[in-house]
């Protein structure tokens with residue numbers, strides 16, 4: 001039986017970060033991947049999504065500026081866009097595999113545990129001083145009659161032909177971002193929402209403004225609607241719900257993601273997990289000594305985002321190589337939905353402290369500034385949350401909310417006061433950054 005210093009099960013952002021750091025050491029490392037090297041983010045997630053947004057944003061902004069300096073809005077060529085996207089991203093898994101292979105042993109296949117400290121892949125057994133589970137998450141598929149007609153985000157992001165009608169089940173980040181994408185390309189889109197609102201990480205005001213902006217572009221929403229079954233008809237697909245039926249040509253199931261643990265045979269071990277993922281302690285160790293978990297497969301309260309996964313990979317490297325003995329402490333974490341308009345946030349949610357006298361909430365309309373007026377951005381609003389004199393939370397709905405909110409992360413994370421900020425920083429004018437000094441007490 002071959003033994004290693006570390007075995008990494010998975011090659012997504014968390015494992016890839018750790019593998020690159022381990023390449024600087026003399027450690028003997030095995031990386032196992034049964035899906036595509038690099039994981040979801042570079043192949044089917046944030047990287048291709050933000051790539052496609054370049055064209056989508058241009059189209060939607062040109063529509064927004066119609067009769068405000070633009071006489072003819074841009075049109076999205078879906079087939080050309082997909083050709084460009086596939087040409088860029090199709091080589092990435094093989095390229096990532098080769099990068100890892102330069103420094104470590106690799107096995108192409110799905111690993112499973114034989115016992116607490118032994119794994120098997122392709123008929124071979126391996127052990128290591130440290131086994132790191134980094135298998136990430138996979139899209140959920142509703143277990144309903146007709147589920148064979150449901151597609152995941154992986155499928156949609158590789159569609160060479162755009163269906164005329166698309167139904168999106170789910171109104172989280174993935175559902176709303178992809179609804180924005182296909183609607184901009186000309187599809188008739190219906191979003192089916194099981195509750196009474198969309199993105200709950202943001203404020204109710206921002207949610208309503210986003211939904212209204214999407215509705216103004218022709219995207220339909222069905223709230224408090226539960227999907228019960230799907231069937232094929234002569235005219236296309238029929239979605240049966242508690243609120244009647246929806247006729248469509250293509251269905252995206254965006255009802256969430258589940259941790260990739262099914263193939264690991266965790267029943268052969270003492271590793272504890274729940275529906276959110278594998279349980280770990282403050283050092284990212286599972287309930288089995290010497291076995292760790294990092295990335296989206298971990299059951300934790302922090303959002304499951306690529307930067308968080310990479311942060312865990314870096315932390316675990318430092319911990320296992322003796323650079324730290326402290327438990328992991330997560331930094332301030334920003335979030336954004338790359339819809340149109342975008343919504344982004346960091347820190348305390350204004351809705352959570354609306355009735356708390358220790359906090360003060362300030363809403364600032366941005367549409368009157370020349371930058372936003374020039375974009376005809378009529379919904380742009382910034383929401384600030386203060387505790388005493390310190391900024392502790394901020395959110396925004398705006399065409400460039402993600403970039404705008406990044407202005408505030410250092411202020412909250414480093415607890416910078418308004419006085420200190422004004423002494424040390426003169427931001428570029430006229431941008432939101434230039435307004436920050438005046439917004440702080």
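The values are calculated or read from the model by the stated rules, or taken from the named source; none is laboratory data. This one's a predicted model, so the numbers in the text were calculated from it and none came from an experiment. Quick reminder, even Gly has a Cβ in these numbers, built from the backbone with ideal geometry, and neighbours come from all protein chains shown.
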Of residues in region 317-351 being touching a residue at least 60 places away in the same chain (Cβ under 8 Å) and part of a loop (DSSP other than H, G, I, E, B), the one surrounded by the fewest Cβ atoms within 10 Å (Cβ to Cβ): 331
Would you check if residue 433 is within 27 Å of residue 358 (Cα to Cα) and at pLDDT below 95? yes
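Residue-by-condition table, conditions (1) at pLDDT below 95; (2) crowded, with 17+ Cβ neighbours inside 10 Å; (3) assigned to a helix (DSSP H, G or I):
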residue: 18; (1), (2), (3): no, yes, yes
residue: 24; (1), (2), (3): no, no, no
residue: 30; (1), (2), (3): no, yes, no
residue: 43; (1), (2), (3): yes, yes, yes
residue: 53; (1), (2), (3): yes, yes, yes
residue: 61; (1), (2), (3): no, yes, yes
residue: 113; (1), (2), (3): no, yes, no
Filter region 290-302 down to the residues that are in a loop (DSSP other than H, G, I, E, B) and in contact (Cβ under 8 Å) with a residue 60 or more places away in the chain, then identify the one that is surrounded by the most Cβ atoms within 10 Å (Cβ to Cβ). 294
What about residue 265, is it under 23 Å from residue 34 (Cα atoms), in contact (Cβ under 8 Å) with a residue 12 or more places away in the chain and over 24 Å from the mean Cα position of the chain (by Cα)? yes
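Here are some residues: 356, 349. Which one is in the same structural domain as residue 420 (by TED's automatic domain parsing) and either on the phi > 0 side of the Ramachandran plot or over 26 Å from the mean Cα position of the chain (by Cα) (or both)?
One residue alone meets the criteria, 356.
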Number of the condition not met by residue 379 [criteria: (1) within 15 Å of residue 394 (Cα to Cα); (2) touching a strand residue (DSSP E or B) at 6+ places or on another chain (Cβ under 8 Å)]: (1)
On the given criteria, is residue 71 surrounded by fewer than 18 Cβ atoms within 10 Å (Cβ to Cβ) and modelled with pLDDT under 95? yes
